[in-house]
Amino acid sequence: MEDKIIIERCKLLWDKPSSNFFKARFKIIFACALLVCQFGYSQRNEVVKVVIKMDKEYQTIHNFAASDAWTAQYTGLWLDHKKNRMADWLFSLENHTDGSPKGIGLSAWRFNIGAGSAAQGSESGIKDSWRRTEGFLRDNGSYDWRKQAGQQWFLQAAKTRGVEHFIAFVNSPPIQMTRNNKAHSEDGLAANLSPEKYVDYGVFLASFLHHFKDSLDIDFEYISPFNEPQWEWKGGQEGSPWNNNELADATRVIDSVFIRQKIDSKIELTEAGAIDYLTRKKEKHHNRSNQIETFFSPESTHYLGNLKSVAPKVAAHSYFTTWDIQKLKRERERIAEKLLQYPSLEYWMSEYCILENNEEIKGKGRDLGMQTALYVARLIHTDLTIANASAWHWWLAMSPYDFKDGLIYVDKDTEDGNYFDSKLLWALGNYSRFIRPGAKRVFVDYKGINEEGNLKDGVLISAYKNQDKSVVIVIVNQHKKAIELKLNMAFPKKTKMKSYITNESYNLQKMNQNFSKKNPIEVLGKSVTTLVLEADKRL
């Protein structure tokens, strides 16, 4: 359209009568040239100049993960070729013949230790059978380790595909121990586990860890006994509220059990339902908030930082803090500020899916496309670069729901069904496949970095240095148009670059780009792109 307008303008100028023929024609030619240059300039991609300093390091990145709850209990029993394909998507580190990854290479896996509500059926008070789980504990106090077979299949599938980091988490203690013999609370006011059962609960967790390590060679580095203790959990799924004083008392007991039974796994103490429960007191849940200070300040009556089994980290979920952009940024700044006060602690973002409804996105409605992928990519960027998260975990690896909660979507069929990948799966892979355990986030600077306007709809760039010395740069381009990325950094000797893109057309596709240290790199619009820079090993 623009080139037609230029032609018409030039034609009008040329046909305009003038007494000085040659002077007029020269002015016309000059004016047309200006119009062409102006048009060419307007069509140029924006150039983003980025400074990266490899010697200025921030947090260590330990892993990227997702959870087996609750869908793996069924999909883990589906036909071999289907569950293996899904496992490849989640865990594989192999490539197709063109060099594109077969999967997103998750480096950790979260295993849900069930409370046993599945055995109660409709009497459990949990209407959706997919949200009930089997339990290992029998009524007579013995264990049936054959339970949760579908979840155990995916656990082994992760291990065989190279996953080395495992986290076990509990929504509710076993129904045989709870106050109401249910996997959810009656009133939501206190833990659904009485203090006289704390020892039993600790023994149950230790027995689980011993069995999986000794019999199945699965070593859980961390165990989370208190998932989202802020919520009331009065039904809908397994869960239990916990007040801070109850968490402190139960943790001391579990720690003593772990020491006696020589358990090496560390307790992931806080698994807050939202990140602001870590950093400050909340009026509604004052006895379930301000958890960093409550549990890790030596002056606190509930100080637990000196317990041998307690991991020196805090974990929380990014729910309800992603919109608006000012809130997105400020809540993550509070995490970073709090970590400065407690430098021995790390922060893990240990669960997220889209629950919120705002002007940009809604939780309800399955979306396999780029809108959800870009929304989450922005969140990953801010959690890593502003909150300094050392790990990032999605919620449901596989979802049967019409909701934005899955990486892979499946038919809600217990025996068999169809399955679908999503752009979100592959966009997460732009981080998880290439930023490997032990990587360091490094200094990045460019105009507008992490300003609210840029966070909302601009270009988001972060960089990481792997232990093998490769450099990983992840670019989230929220613009419709492509940009030109100009890197100012100390490149590895004889640098070789590989680029991988996720957009509406590609799923973590390896792209063929000619790389020059002097020339800009094109990054397509509405995409998540990863650049991997390394020394050419052929030389």
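Pairing each residue of the range 102-122 that is within 28 Å of residue 88 (Cα to Cα) with any residue that is assigned to a helix (DSSP H, G or I) and among the acidic types (Asp, Glu), provided the two are 6+ apart or on different chains, yields C-beta distances under 9 Å for 102/88; 103/88. Looking only at the range 477-488, decide whether some residue is in a loop (DSSP other than H, G, I, E, B), in contact (Cβ under 8 Å) with a residue 12 or more places away in the chain and of a type in the set (A, V, I, L, M, F, W, C). For the range 477-488, residues in a loop (DSSP other than H, G, I, E, B), in contact (Cβ under 8 Å) with a residue 12 or more places away in the chain and of a type in the set (A, V, I, L, M, F, W, C): present.
Scanning the range 73-112 for residues that are under 20 Å from residue 418 (Cβ atoms), of a type outside the set (Lys, Arg) and more than 19 Å from the chain's Cα centre (by Cα) gives 73, 74, 75, 76, 77, 78, 79, 80, 81, 84. Here 282, 338 are screened, and the one residue that is touching a helix residue (DSSP H, G or I) at 6+ places or on another chain (Cβ under 9 Å), more than 26 Å from residue 253 (Cα to Cα) and modelled with pLDDT under 95 is 282. Considering each residue of the range 189-206 in turn, at least one proves to be buried (at least 22 other Cβ atoms within 10 Å of the Cβ), assigned to a loop (DSSP other than H, G, I, E, B) and in contact with a His (Cβ under 8 Å, 6 or more places away or on another chain).
Residues that are buried (at least 24 other Cβ atoms within 10 Å of the Cβ), over 30 Å from residue 343 (Cβ atoms) and not acidic (Asp, Glu) within the range 57-82 comprise 69, 70, 71, 72, 73, 75, listed in sequence order. Restricting attention to the range 322-361 and to residues that are aromatic (Phe, Trp, Tyr) and within 23 Å of residue 60 (Cβ to Cβ), the residue that is nearest to the chain's Cα centre (by Cα) turns out to be 352.
Across the range 166-221, the qualifying residues are those that are in contact (Cβ under 8 Å) with a residue 60 or more places away in the chain and among the β-branched types (Val, Ile, Thr), and the one among them that is farthest from residue 110 (Cα to Cα) is 178. Among the conditions (1) surrounded by 14 or more Cβ atoms within 10 Å (Cβ to Cβ); (2) among the β-branched types (Val, Ile, Thr); (3) not assigned by TED's automatic domain parsing to the domain that holds residue 470, residue 52 misses just one, which is (3).
When you go through 453, 438 one by one, which is the residue that is out of contact with any strand residue (DSSP E or B) (no Cβ under 7 Å at 6 or more places or on another chain) and small (Gly, Ala, Ser)?
Details: 438 fails: out of contact with any strand residue (DSSP E or B) (no Cβ under 7 Å at 6 or more places or on another chain).
When all the criteria are applied, what remains is 453.
Here the helices (runs of 4 or more DSSP H) wholly within the range 241-308 that include at least 2 residues being out of contact with any strand residue (DSSP E or B) (no Cβ under 9 Å at 6 or more places or on another chain) are 244-260, 291-296.
The values are calculated or read from the model by the stated rules, or taken from the named source; none is laboratory data. These numbers were taken from a predicted model, which means no experiment stands behind them. Reconstructed Cβ throughout: ideal geometry from the backbone, glycine too, with neighbour counts over all protein chains shown.
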